[in-house]
Amino acid sequence: MRAAFAIAATLALAAGAAWAEDAPKAMLGKWDLGGVTEGAESCRIVLKADVSIGGWAVDRARDCAKKFPFTTGINAWHMGRGGRLVFTDALRKPLLSFEHTEDGSYMGGDDSAPSGILMIDRPVTGPAPTRQDQMSGDWSIGGVGGAPHCAVVSHANVAATSGTLTVKPGCDRKLARGWASWKLKGEVLTLFDAKGTVLQTFKRGDIVTFEGEDAKGDSIYFSRD
C-alpha cells in the first residue's frame, strides 16, 4: 500500500515539476469544440489550471466522446510553440494541436469533422450570428503573399444562399472582373457578373474562408476581413 502511494506521489511530483508555471489565465474556462461547417456538431470542454501529467487538466462534456472519439484519450492541455493549443494523453503524447487564429479561436485538423477541420472557440454569448450575418459584410478576394486583391461588401439574403457584391474603391485592375452577385450551394461559392456569367468558383475552407484557383492555377481566396 505504501509502495502504491509512493508511486502516485512520485507521478504527481513529476507532473508538477514539468508544469511548475501557472496555466495562462486567458485560456482557462469553457470552450466549444466543433466543426467549421454550418450545423456541425460541437461539445463543451473546460481548460483547467490543475496540474496533470503533460500539462493542465481538461474536463469534457459527456457527448464529446461520441462526437469526437479522440477526446477520450485527452489527459491534459498546454501551450506549444507559436501559441498552439496542444492536447496530450496520459503518456504526454500529443493527440491534436490547434493553431491560433486572428479572431481568437483555434483551428486544427481531424477526421472526426466532416470537413476535416475542427475549431475551438469561446461559447457564444448573446444571440448567435445568423447565416445572413455570417455571409454579409466586408470580404476580400485575392491571393496571398502580396498578390493582388480586392475589397468587397457582401449583402446576403436571409437564407444566405445568394447575395450581391459591391466592389470597394482601389480594387486591383488585375482582379477587377465585374463581380456583382454570388450563390452558395453546399460548400461551393460561385461569383457572377451583372449578366449572370460565372466568373469564379470557390470551395469552403472554413467558416470565414473560401478557396479557388485562378486562370493560371494559382490559389485565390474569398475571405472575411
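Among H149, H100, the order by Cβ neighbours within 10 angstrom, fewest to most, reads H100, H149. With all pairs of different C-alpha atoms in the average, the Kirkwood value for the hydrodynamic radius of segment 73-225 is 17.4 Å. Sketch the reach of a paramagnetic label on D214 as a point 7 Å from Cα along Cα-to-Cβ, and name the residues of segment 160-176 whose backbone nitrogen lies under 12 Å away. Backbone N within reach: 172-176. Using the Kirkwood radius over C-alpha pairs as Rh, can you work out the diffusion coefficient of segment 26-121 via Stokes-Einstein at 20 °C, viscosity 1.002 mPa s, in µm² per second? Result for D is 162 µm²/s.
The label-point distance for D59 and R92, in a model that sets each label 7 Å from Cα toward Cβ, rounds to 2.7 nm. Rounded to the nearest whole Hz, the Karplus-based 3J(HN,Hα) values (6.51 cos²θ - 1.76 cosθ + 1.60, θ = phi - 60°) of segment 54-71 follow the sequence x, x, 10, 5, 10, 9, 10, 5, 4, 7, 4, 4, 6, 6, 9, x, 4, 5, with x at glycine and proline. Remark: L165, L118 ranked as L165, L118, counting other beta-carbon atoms within 10 Å and listing the fewest first. Estimated at 0.36 nm per residue, the fully extended path between D193 and E102 surpasses their Cα-Cα distance by 29.6 nm. For segment 73-112, the list of trypsin sites (Lys or Arg not before Pro) that fall in a loop by DSSP and count at most 16 other C-beta atoms within 10 angstrom reads R84, R92. Arranged from fewest to most other beta-carbon atoms within 10 Å of their beta carbon, K174, K185 become K185, K174.
None of the figures in this text is laboratory data; all of them are computed from the coordinates on show. In this text the structure is predicted, and so the values were computed from the model without any measurement. Methodologically, a virtual Cβ is constructed for each residue, glycine included, from the backbone with ideal geometry; neighbour enumeration extends over all protein chains shown.
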